[in-house]
Every structure is written in C-alpha cells, then in structure tokens.
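The values are calculated or read from the model by the stated rules, or taken from the named source; none is laboratory data. For clarity, every value in this text was computed on a predicted model and none was experimentally measured. Heads up, the Cβs are rebuilt from the backbone with ideal geometry, glycines too, and the neighbour counts pull from every protein chain shown. With ligands, DNA and RNA removed, areas are computed over all heavy atoms of the protein, side chains included. Shrake-Rupley method; radii C 1.70, N 1.55, O 1.52, S 1.80 Å.
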Amino acid sequence: MAEYDLLEQFRTDVIEGLRAKQKRLPSRYFYDAEGDAIFQRIMRMPEYYLTRCEDEILGQQADAVIDAIAGDAHEFDLLELGAGDGTKTKHLLRRLIALGRAPFYRPIDISRNALDALGASLRQELPTLRFRGEQREYFDVLGEPLGGDRTKAILFLGSNIGNLDWVEAAELLAGIGRTMGPRDRLMVGFDRRKDPMLVLRAYDDPAGHTRDFNLNLLRRINRELGADFDLERFVHVPVYDPFTGCASSYLVSTCLQEVHLDGVEQGFRFRAWEAIHTEISQKYDQEEIAALGAQAGLRITHSFSDRKDYFTDAVFMRA
Ligand code: AVI
C-alpha cells in the first residue's frame, strides 16, 4: 500500500474504533518509529520472558529447528512474517551459513524502520547472506500469495500470532497453508499458558514501558491524524484472564472528556473510566496449538520449547 493509503486506512480504523460502542484501537498501529524503540525496551526488560525463551529455543536447538523447517533442501526461501529486528532468526541464519547452506531470507514487516535496521545489521553481520525485505501486513499474504516454486520455510515468531483472536489466527494460518507445498514448513511461536501473575507482570512492568507503548499510540494519532488526545488523562490497564488465556490492554479515560480529530466534525466523547481496548496477547496450551493448526488445515510435525516450557515454536505442514 502507498503511504497515502496507509494513512487513510489508519484514519478509517481510528474513527471506526472510537465510534464503536466498546471503543478499540488496533494494536498494529503501535509500531511507528517510537513504538518500535519502546518495543525494543520491552523485549529487554526482565518481566518480558517471551523474547528470552524463544531466543533460548533458537539459540540452543538451531540444528534441530533447521532440520524441521528445511529438511535437506540446500537452497530454499526463508520467509519471516513480522521479522522485527531479526535477532532470534539470526541464530538460524548464522548456523545455516556455517553449514554452507544457501537460504534466501525474505523478512516481511509492516514497519519500514524495522526493515531498514534489519537490512543494515544483516549487511554488516552476515555479508554473504542473500536477502530482500518486504514492507507488508501479515494479512496481505492471504490476498497475495507468498510466491516462488522453491521450497519455503516460513517463520512467524515472537508470539505475534497472540495479537490475533482465534478466528483471525486460524484464517491467517489457513491462508499461509494454502500457499504451502508438501515440502514447505511453517514455524509459529506461541506464548504458553503459565502462572497468570507471571503473564500479567509481562504486560504490567514497574518501569512503565508497556504503558508508554500504549500511550504512544495516542501520541501517534495526535501527530499523524491531527487529534488532541491529552495523554495525562488516560491510564494504561493490563488484565489477564486465566479462563480464556487472553492478556488484554486498555487505555482508560480518567475523566469525562471529548477528543477531536482533524476533519471530523463530531468529537469523540469519553465518559469517566470509559476504556479503549488496544491489544490482545493470547496464550496457548499444547492442545490449543494443535487445535488451531487443525482448524487451519495444518498438522504439527515438530514442537520446540524452552527449558521452563514458557514458550513453544511449533512446526506445521499441510495436513
Ligand atoms: C508483538 N507482540 C507479540 C507483543 C505481545 O507480547 O503481545 C506486543 C507487546 N505488547 C505489550 N508488550 C508487548
């Protein structure tokens, strides 16, 4: 999508979300340059176990993971949806290069900043690697297949799937599955169900990075869409429901107020303590991972977990 269309889509989604009976803002808009930088801080904080656990899996089980996703293919496309800074994937890339194998790495991310930074670091750290970044949304892959007749290993790491609800997640996996041949594999990173307080702390950190991450979305709306959100009048409220395994974030208005957007005549009214839903981060158990895959027409071939069983990278093929 062109820059102009992206901005129009952002505007439409914000207006629709703030007009809804239960207000919402899509979490995919967290990731402007500032949001990317805050997310880097989140990934480094002690409470956010997800990144460290998946890093442990890819670092310590790289050979087994490579075997599971690429078999004996020498040349293959390694696609990554939502590549971010690619830190964890570099474990696999380094090992592949050391083994003398020749993957063509295709990181796909909605964030131009993330892709540019990743490209620069790859050129420096892995100068022999062939790669090409693509700025796209995950869901674009449904309308526009991932392409190529070469063997494909597709990565969807970091519990990014957790930011989708069950129906969206199953649709995305099914859509990816339709583009997969019998030799292709898809590896998805799932955050596992665990002690609810541990999950909650990952989204309710004492340093306030997750709060800043959420509030930055209002700052972005102010800057890009000419709104007048007063950030002092919203608080970040994370909750975790151990019944559904869903962590949710809200921005809650602390008072009665009206917010305006350039070109929109009617303001958006907030009652005191009215909430905007901003994000879900779904946690899964092993049965749910298998059931989600099955609903998408996929079956698990391998499953890799960290020592604490906090995180699982599941490898799927077409059922
Ligand atoms: C990108 N995604 C998997 C993160 C998560 O855990 O849901 C985003 C995040 N939101 C708050 N902290 C981190």
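Could you check Glu265 against (1) surrounded by fewer than 17 Cβ atoms within 10 Å (Cβ to Cβ); (2) within 16 Å of the ligand (Cβ to nearest atom) and say which number it fails?
Checking Glu265 against (1) surrounded by fewer than 17 Cβ atoms within 10 Å (Cβ to Cβ); (2) within 16 Å of the ligand (Cβ to nearest atom), the one that fails is (2).
When you check Phe213 against the structure, is it of a type in the set (Phe, Trp, Tyr) and assigned to a loop (DSSP other than H, G, I, E, B), yes or no?
No; evaluated as a whole, the condition is false for this residue.
Could you run through segment 91-131 and say how many residues are among the aromatic types (Phe, Trp, Tyr) and touching a helix residue (DSSP H, G or I) at 6+ places or on another chain (Cβ under 9 Å)?
2
Here are some residues: Ala33, Ala64, Ala37, Ala20. Which one is within 15 Å of the ligand (Cβ to nearest atom), among the hydrophobic types (A, V, I, L, M, F, W, C) and open to solvent by 10 Å² or more (accessible area, probe 1.4 Å)?
Ala37
For segment 237-262, which positions are in a strand (DSSP E or B) and either under 22 Å from the mean Cα position of the chain (by Cα) or within 15 Å of the ligand (Cβ to nearest atom) (or both)?
Val237, Pro238, Val239, Tyr240, Asp241, Cys246, Ala247, Ser248, Ser249, Tyr250, Leu251
Which is closer than 30 Å to Val235 by Cα and more than 11 Å from the ligand (Cβ to nearest atom), of Arg192, Arg136, Arg150?
Arg192
Does Tyr284 meet the test of being open to solvent by 30 Å² or more (accessible area, probe 1.4 Å), touching a helix residue (DSSP H, G or I) at 6+ places or on another chain (Cβ under 9 Å) and within 16 Å of the ligand (Cβ to nearest atom)?
no
Just one of Ile276, Ile280, Ile289, Ile300 is part of a helix (DSSP H, G or I) and either within 30 Å of Leu173 (Cα to Cα) or touching a strand residue (DSSP E or B) at 6+ places or on another chain (Cβ under 9 Å) (or both); which is it?
Within the list Ile276, Ile280, Ile289, Ile300, the selection yields Ile289.
Quickly run through segment 199-236 and pick out the residues that are out of contact with any helix residue (DSSP H, G or I) (no Cβ under 7 Å at 6 or more places or on another chain), open to solvent by less than 50 Å² (accessible area, probe 1.4 Å) and more than 13 Å from the ligand (Cβ to nearest atom).
Scanning segment 199-236 gives Asn222, Gly226.
Can you confirm whether Leu50 is at pLDDT 95 or above, within 16 Å of the ligand (Cβ to nearest atom) and farther than 30 Å from Leu218 by Cβ?
Answer is no for this residue.
Of all residues in segment 74-89, how many are without any contact (Cβ under 8 Å) to a residue 40 or more places away in the chain and surrounded by 20 or more Cβ atoms within 10 Å (Cβ to Cβ)?
1
Exactly one condition in (1) buried (at least 20 other Cβ atoms within 10 Å of the Cβ); (2) at negative phi is false for Ala319; which is it?
Going through (1) buried (at least 20 other Cβ atoms within 10 Å of the Cβ); (2) at negative phi one by one, Ala319 breaks only (1).
Evaluate segment 145-153: report whether one residue or more is surrounded by 19 or more Cβ atoms within 10 Å (Cβ to Cβ), touching a residue at least 24 places away in the same chain (Cβ under 8 Å) and closer than 30 Å to Pro206 by Cβ.
No, there is no match, as no residue in segment 145-153 is surrounded by 19 or more Cβ atoms within 10 Å (Cβ to Cβ), touching a residue at least 24 places away in the same chain (Cβ under 8 Å) and closer than 30 Å to Pro206 by Cβ.
List pairs: first in segment 34-50 and under 16 Å from Thr87 (Cα atoms), second among the aliphatic types (A, V, I, L, M), Cβ under 7 Å, 6+ apart or cross-chain?
Listed pairs, sorted by first residue: Asp36/Ala114; Met45/Ala207; Tyr48/Ile42; Tyr48/Ala202; Tyr49/Ala202; Leu50/Ala202.
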